[in-house]
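See structure below.
The values are calculated or read from the model by the stated rules, or taken from the named source; none is laboratory data. No experiment lies behind these values; they were computed from the predicted model shown. As a convention, Cβ positions derive from the backbone with ideal geometry for all residues, glycine included, and neighbour counts pool all protein chains shown. Please note that ligands, DNA and RNA were not included when accessible areas were found on the heavy atoms of the full protein model with its side chains. Shrake-Rupley method; radii C 1.70, N 1.55, O 1.52, S 1.80 Å.
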Amino acid sequence: MDAFLIYRSMAYNNAWANHRLLKACAQLSQDEFTEPRTGFFGSIRATLNHNLIIDRFYVDAMEGGARGPSAGSDSEPCATVRVLQIEQREVDRRLIAMAENTKPVELGRLVEIHREDRVQRERLDRLLLHLFQHQIHHRGQAHAMMSGTSVEPPQLDEFFSAEEAHLRAQEFADLGWTEAQVWRPQESSD
């Protein structure tokens with residue numbers, strides 16, 4: 001698998017993991033979702049809102065936008081899981097579209113990231129890796145916080161067995177995807 005296919009696959013896997021985690025969070029009461037918990041952001045809601053804000057910040061930059069720090073002007077823009085599901089799915093869709101439409105030779109292009117006091121320039125491939133790592137890190141924190149709730153945290157780090165493939169297919173259908181769409185080889189392009 002070439003490097004481009006890895007980034008593309010990671011974009012799909014990122015969205016799938018967000019879908020699975022937020023689907024489980026939808027079973028929480030609002031009190032469980034917002035209850036103070038041990039973690040850097042202090043609640044499941046705050047942690048997952050942070051992921052959304054950072055996704056918006058970096059995806060905007062990758063798309064050529066200059067939204068910058070205004071992306072985080074509200075530290076918890078989504079009060080409920082339902083709103084968070086909608087907003088996270090939208091930014092995940094944008095990230096997948098960017099991965100789908102980026103040619104392998106463009107992975108080295110510089111992305112301008114508008115910070116409060118400067119414009120940072122980072123290669124697209126490195127920014128993608130940073131974004132995926134950020135998501136994994138904070139999803140893990142939210143996942144751990146869920147262990148103290150009435151809802152069992154979902155499996156996020158491995159694929160279903162052949163016997164459970166129908167479960168993956170159903171979740172992909174929920175996201176509007178097919179196995180062929182996610183795993184098809186990308187046509188070679190410059």
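Out of the residues in the stretch 18-43 that are closer than 19 Å to Ser73 by Cα and touching a Ser or Thr at 6+ places or on another chain (Cβ under 8 Å), state the one that is least open to solvent (accessible area, probe 1.4 Å).
Among them, the one singled out is Ser43.
From the list Leu107, Leu124, which residue is at pLDDT 95 or above and not basic (Lys, Arg)?
Step by step, each of Leu107, Leu124 is checked, and only Leu124 is at pLDDT 95 or above and not basic (Lys, Arg).
Could you check, for the stretch 96-105, whether at least one of its residues is loosely packed, with under 15 Cβ neighbours inside 10 Å, free of Cβ contacts under 8 Å to residues at least 12 places away in the same chain and on the phi < 0 side of the Ramachandran plot?
Yes, some residue in the stretch 96-105 is loosely packed, with under 15 Cβ neighbours inside 10 Å, free of Cβ contacts under 8 Å to residues at least 12 places away in the same chain and on the phi < 0 side of the Ramachandran plot.
Which ones in the stretch 26-40 are among the hydroxyl-bearing types (Ser, Thr, Tyr) and not in a helix (DSSP H, G or I)?
Ser29, Thr38
For Asn51, indicate whether it is of a type outside the set (A, V, I, L, M), open to solvent by less than 30 Å² (accessible area, probe 1.4 Å) and part of a helix (DSSP H, G or I).
Criteria met by Asn51.
Can you pull out the residues in the stretch 108-161 that are of a type in the set (Ser, Thr, Tyr), touching a helix residue (DSSP H, G or I) at 6+ places or on another chain (Cβ under 8 Å) and either open to solvent by 40 Å² or more (accessible area, probe 1.4 Å) or under 20 Å from Asp55 (Cβ atoms) (or both)?
Ser150
Residues are listed down the side, and each one gets a yes or a no for (1) small (Gly, Ala, Ser); (2) within 29 Å of Trp183 (Cα to Cα):
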| residue | (1), (2) |
| --- | --- |
| Gln27 | no, no |
| Thr38 | no, no |
| Gly42 | yes, no |
| Ser70 | yes, no |
| Pro77 | no, no |
| Val91 | no, yes |
| Leu95 | no, yes |
| Leu107 | no, yes |
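Under 7 Å between Cβ atoms, at least 6 apart or on separate chains: pull out the pairs that start in the stretch 60-73 with a residue that is under 12 Å from Glu116 (Cβ atoms) and end on any residue that is open to solvent by less than 40 Å² (accessible area, probe 1.4 Å) and of a type in the set (Val, Ile, Thr).
Ala71/Ile53; Gly72/Ile53
Is it the case that some residue within the stretch 55-66 is β-branched (Val, Ile, Thr), under 17 Å from the mean Cα position of the chain (by Cα) and surrounded by fewer than 16 Cβ atoms within 10 Å (Cβ to Cβ)?
Scanning the stretch 55-66, I find no residue that is β-branched (Val, Ile, Thr), under 17 Å from the mean Cα position of the chain (by Cα) and surrounded by fewer than 16 Cβ atoms within 10 Å (Cβ to Cβ), so the answer is no.
Go over the candidates Arg94, Arg82 one by one and state the one that is modelled with pLDDT of 95 or more, farther than 18 Å from Arg8 by Cα and charged (D, E, K, R).
Only one candidate qualifies: Arg82.
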